[in-house]
Amino acid sequence: MDSELVATQKAIEDIWQVAERLGLDPFPIEFEIVPAAMIYEFGAYGLPGRFSHWTHGKAYHQMKTMYDYGLSKIYELVINTNPCYAFLLEGNSLLQNKLVIAHVIAHCDFFKNNVYFQRTNRRMVESASASAERIRRYEFLHGTVEVEKFLDAVLSIQEHIDPDPFPRKAGKVEAHAARTTPYDDLFYIGDEKRGMEQPARVRRTPEEPRRDLLLFITENAVELEDWQRDIIDIVRAEMLYFLPQAQTKIMNEGWASYWHSRILRELDLSDDESIEFARMHAGVLAPSRQHINPYHLGLKILENIQKRWDAPTDEERRSLGRRGGEGHQKIFDVRGTENDISFLRNYLTRRLVEDLDLYIYRQDGDEWRIVEKSWERVREMLVNAAVTMGQPCIVVEDGDYHGNRELYLKHMYEGQALDLAYAEKTLRQVHVLWRRTVHLETVIDGKRVLLSYDGAKNDRAVA
Amino acid sequence: MVAQFSVSKDDWSLHRKGPTDQARHKEKVKEAIKNNLADIVSEESIITSDGSKVIKVPIRSLNLPRFRFDSGKKDYAGQGNGDSRVGDKLGDQSTSEGSGKGAGDSPGADYYEAEITIEELAEMIFTDLGLPNLQRKQSQEMTSEAIRFDEIRKKGVFSNLDKRRTLLEGVKREALHGHPIFGGLKNEDLRFRTWQEDIRRETNAVVIAMRDVSASMGEFEKYISRSFYYWMVKFLRTRYQNVKIVFIAHHTEAKEVDEETFFRLGESGGTKVSSAYSMAAEIIERRFDPARWNIYPFHFSDGDNWNDDNTLAVRLANRLVDICNIFGYGEIRAGGQYAMSTLMSAFYTGVKSERFIGVTIADKKDVYPALRQFFKKKEGDIDG
């Protein structure tokens, strides 16, 4: 074992002990030291060994370029599995690794103990590799172009799974009684058994709107082949795996930042190391005028919770029954039971919004301007962003529209308009999966509009 | 303590996919460039990039489409230094960059700068372009100044005596008698170097670039003609060893100018295209024998010709058509809402030859189709 490994091993031992003493309870972790190219590859693909696709290649190229030009650096990458994998960038200094190790241990504690992760596949690396292997075989059998075309279509709507962490049992769509017409008997002329019986055609319409487009399509699209359904299932399973990470981004990064700084304060650092730590910590937590740094916001909220539960005001003692000194226990409770939506809604206080100087901005002509600073509006906007995760909510309204197996999607409009050019292009992709006319209802300038694609051309009509 | 962790440094390179998928992305970028040639051909960065081989062309970033919010109508969250106020400006659209994921997505432009060499681009543009109406020309024999000494003879000028070979011959002669040593020279031992003049055969083409610089021609017209000539010359150079360009600027009078002046000139006055055509004919007669030269005159104008001049112009155009490979006329009408000009219709009725090609350019995007029309490959053309 080389000296870098020995030193890293020693650091992990020390940090692990401190972490356990402070109450962290992570999964076992396999630390791997890897060169930059590998860490960027894992970052671009989301998981080691995930299936091949040009969008991954593009992400890889972008990340690698940023690294090569010194514009960004990923120090670590941690995978939510049991045991967890933590990839450390080769060439990290010992101090950098110490911070990263403490950070990673906190992430793994979060993965293990946060309720939203309870259903994730903890053997996802193996699953993803097996899936990648199957997709590679499909490429071999059906041609890379064919598979790429299909993957393009699936990935276009990959975000549209049901983000509800505890969905009601998603049963198959009920078969409704078929539409009857006076001519139905014509279909069965010469078929004595069927005679005047009810025709067996079924109407596939979800009883209530369904958010899981991928699931609905794989269960109800009629012309898909087995390998195509498999690809949809693979993509959907991987998205379900990534979902809780997206739903707890601010909390999880805040939690890890909280612990890396707390643990490193407990370690016996030299003066030089202390300065290096302070510099790196400041870099990770640097706020930005253009977006919310989840590390910074998450950490500030957690620190604020701890403070308020450790030393409540008289008012809080009286009306909320806080006894004081409960900060440590409280942040562990929060870590176990909240996600970003509830975390922001419950704990992003007026004081924090003002102290952190958070604001809302938007495009005004060619310029970007701050338009809102009221703390409630800022909180509402951030909560909203955590709910939608930046995605419009699209549901399946009808899988048998016009009685013709056409797919009717509806954008649950809440004041934010869709990018129409993109929506029309995406409909074309949905058509690749559904193979029949697809529709999307949305709102443009206050009017309900139906976008359609019938396999040949896009169409827009006022609904 | 039970070990809850392990640390190792394995070789993961066997599991790599990044480079292959990256290559596939690059391939798709190339396809996208190919599909957007019309936009890219008239990119300013190309025709002004003289030195650099690699150019950057902005193409729409290759994204999978997805249902997404209209970025211009979307709210974003940010964080100030403690003194931000409503109404503060964060930046222009051009300065914002990057796109992230999740809460507080930062806005960004959707463009990707693809890098490509001029050669690669030229290859895409010129695929299946040909040289129509190509006739076999007597190739010109170029006598270059260079001479090559490449032969040895027994007679020659003493100043060209090849001493080494002469001595060797002497030794060889002695060796025949069993004495391989030098024993004096005889006349028959002398060897002289002789030379030849270097004669190369060249195929020649000349582009006669004509441009209307009358008052009605503006920046757009200059730009279009420049872009067109750039690619035209580039293409001809792939087919001929020697391509010359003659620049003729005209309003009511024509004059031959250098390249820089040609693209810079903006004058006032009316238009008589016949002046340019007669000058072109004259230049051809004086300098470019049609028996030896492939001649490609091309004229850009807005078609605002003096009506009296049209008859003469058509007659001269017919004369040019007879001696040239193709005669092109490009009418630039920014906006393109006008009807066909009188000049263009006069050409259509008066010049009955498939060697005449008239194109209308109303937009930067039209340069590429115009090029393709001009160099359209026809059945039976000789491939240059």
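The values are calculated or read from the model by the stated rules, or taken from the named source; none is laboratory data. All values reported here derive from a predicted model rather than from experimental measurement. Backbone-built Cβ (ideal geometry, glycine too); neighbour counts: all protein chains shown. Please note that ligands, DNA and RNA were not included when accessible areas were found on the heavy atoms of the full protein model with its side chains. Shrake-Rupley method; radii C 1.70, N 1.55, O 1.52, S 1.80 Å.
Annotations for the structure displayed:
- About the Cα centre, charge dipole magnitude for segment A:288-388 (Lys/Arg +1, Asp/Glu -1 at Cβ), debye: 300 debye
- Violating pairs (Cα-Cα greater than 31 angstrom) within the set A:457/B:73; A:373/A:425; A:249/B:74: A:373/A:425
- When you restrict to C-alpha pairs under 8 Å that are six or more residues apart and normalise by the size of segment A:1-102, the relative contact order lands at 39 percent.
- Beta bridges per DSSP with both ends in segment B:203-374, % antiparallel, nearest 5: 15 percent
- Helix A:54-68 axis, angle to chain A major axis (alpha carbon atoms, nearest 10°): 20 degrees
- Alpha-carbon Debye profile of segment A:288-388, log10 I(q)/I(0) at 0.10, 0.22, 0.24 Å⁻¹: -0.32, -1.22, -1.35
- Accessible carbon and sulfur surface of segment B:203-374 relative to its total accessible area, %, 1.4 Å: 48 percent
- Stretchable slack from residue A:66 to residue A:374, in nm (0.36 nm times residue separation minus alpha-carbon distance): 107.3 nm
- With respect to chain A, whose longest principal axis is taken over its alpha-carbon atoms, helix A:94-113 is tilted by about 50°.
- The sum of -39500 (n - 2.57) across all DSSP H runs of n ≥ 4, divided by the residue count of chain A, sets its helix-only mean residue ellipticity at 222 nm to -16500 deg cm²/dmol.
- Positive-end extreme of charge dipole, the protein assembly as shown - chosen from A:124, A:449, B:209 (charges on Cβ): B:209
- Relative contact order of segment A:288-388, defined on C-alpha pairs under 8 angstrom at six or more residues apart (%): 21 percent
- Peptide A:391-398 - average C-beta neighbours from other chains (10 Å radius): 1
- Count Lys and Arg as plus one, Asp and Glu as minus one, and take only other residues whose Cβ is under 15 Å from that of residue A:351; the net charge is then -1.
- Scaled against the 2.2 N^0.38 Å expected of a compact globular protein of N residues, the Cα radius of gyration of the protein assembly as shown reads 1.33.
- Efficiency of FRET between residue A:461 and residue A:366 - r from beta-carbon atoms, R0 41 angstrom, step 0.05: 0.80
- Protein heavy-atom accessible area occluded, A/B pair - total, 1.4 Å probe, Å²: 7300 Å²
- Exposed loop sites here are chymotrypsin sites (Phe, Trp or Tyr not before Pro) assigned a DSSP state other than H, G, I, E or B and surrounded by at most 16 other beta carbons within 10 Å; excluding them, the longest clear run of chain A is A:184-412.
- When only alpha carbons are used to place a centre, segment A:62-100 and segment B:263-295 end up 66 Å from one another.
- Cα shape, chain A, gyration tensor, a/c 1.5 rule: prolate
- Simple rule: put +1 on each Lys or Arg Cβ and -1 on each Asp or Glu Cβ in the protein assembly as shown, find the dipole, and look at B:80, B:91, A:361; the Cα lying farthest toward the positive end is B:91.
- Flagged links, alpha-carbon separation over 30 Å, of A:64/B:30; A:73/B:26; B:9/B:56; A:112/B:26; A:149/B:17; B:244/B:376: B:9/B:56; A:112/B:26
- Relative to the longest principal axis of the Cα atoms of chain A, the long axis of helix A:294-310 lies at roughly 60 degrees.
- Prolate/oblate/rounded call for segment B:203-374, Cα gyration tensor, a/c under 1.5 rounded: rounded
- Listed as lacking a disulfide-compatible partner in chain A: A:393, by the criterion of no other cysteine Cβ under 4.7 Å.
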